[in-house]
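Notes for the one structure printed next.
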């Protein structure tokens, strides 16, 4: 594995069984990531690699990278650049991401086009609404802005089981929305869930979702919802 910085952060990957009424931790492995800290990670099907978004504006695929989206092969070696920008703009502050298990496309959020992670307090206090939702196709190497701007603190991303839509959260705007990828509503979005501080989103095998909430003095919490935003747990 190649290292692009002397200052490293450690990411421990735990495998969680979310459908159970409690969390079950099984065997884990430790990976070395760039400094700055990992925001989210996801495992595509049929392989040992994973993607991790780093809060300084990078997306890393199974290992170390310095700028943008990079890939390290199964035999290791130097990372190759896949993407560093979308719509003519460099990634500023990448956060949540997910991979469509059928197409292999990667969906992720860029929190702001103005502020980076070290300026997160300014981003929140200013009501910055320059966040975007991005799709990257590894087959074509094209990164496409699904939502170019207007998002307030976009965070978590989760695809649907059938690949017809993507859910994404907006921490500052206090909402979770659905972006349609296919069907009569393709390329449109609608709000499905309103609550304070929605952060990461994880899809369950059932097709439902866990939405993590960060609500300040009350501490972290979460809701299980269906694709329509109905609270299940």
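The values are calculated or read from the model by the stated rules, or taken from the named source; none is laboratory data. Not measured: the values here are computed from a predicted model. Cβ sites come from the backbone with ideal geometry, for glycine too, and all protein chains shown count toward neighbours.
A few comments on the model shown:
- Test: residue in the range 88-95 that is surrounded by 15 or more Cβ atoms within 10 Å (Cβ to Cβ), on the phi < 0 side of the Ramachandran plot, modelled with pLDDT under 90 and assigned to a strand (DSSP E or B): yes
- Taking every residue in the range 166-189 that is under 17 Å from residue 229 (Cα atoms) and pairing it with any residue that is at pLDDT below 95 and surrounded by fewer than 14 Cβ atoms within 10 Å (Cβ to Cβ), at least 6 positions away or on another chain, the pairs with Cβ-Cβ distances below 7 Å are 174/194; 174/196; 175/194.
- Residue list for the range 176-200, filter: within 22 Å of residue 110 (Cβ to Cβ) and at pLDDT below 95: 193, 197, 198, 199, 200
- Qualifying residue in the range 214-221 (condition: assigned to a strand (DSSP E or B) and crowded, with 20+ Cβ neighbours inside 10 Å): no
- Tally, over the range 111-126, of residues that are part of a helix (DSSP H, G or I) and surrounded by fewer than 18 Cβ atoms within 10 Å (Cβ to Cβ): 7
- Only a single criterion out of (1) part of a strand (DSSP E or B); (2) farther than 20 Å from residue 133 by Cβ is not satisfied by residue 196, namely (1).
- Within the range 127-153, the set of residues being exposed (fewer than 14 other Cβ atoms within 10 Å of the Cβ) and not in a strand (DSSP E or B) comprises 127, 139, 140, 141.
- Residue satisfying all of: in the range 114-161; under 22 Å from residue 223 (Cα atoms) and out of contact with any strand residue (DSSP E or B) (no Cβ under 6 Å at 6 or more places or on another chain); modelled with the lowest pLDDT among these: 161
- Restricting the range 200-209 to residues that are touching a strand residue (DSSP E or B) at 6+ places or on another chain (Cβ under 9 Å) and free of Cβ contacts under 8 Å to residues at least 60 places away in the same chain, the residue that is surrounded by the most Cβ atoms within 10 Å (Cβ to Cβ): 209
- Residue 186 being crowded, with 19+ Cβ neighbours inside 10 Å, in contact with a strand residue (DSSP E or B) (Cβ under 8 Å, 6 or more places away or on another chain) and in a loop (DSSP other than H, G, I, E, B): no
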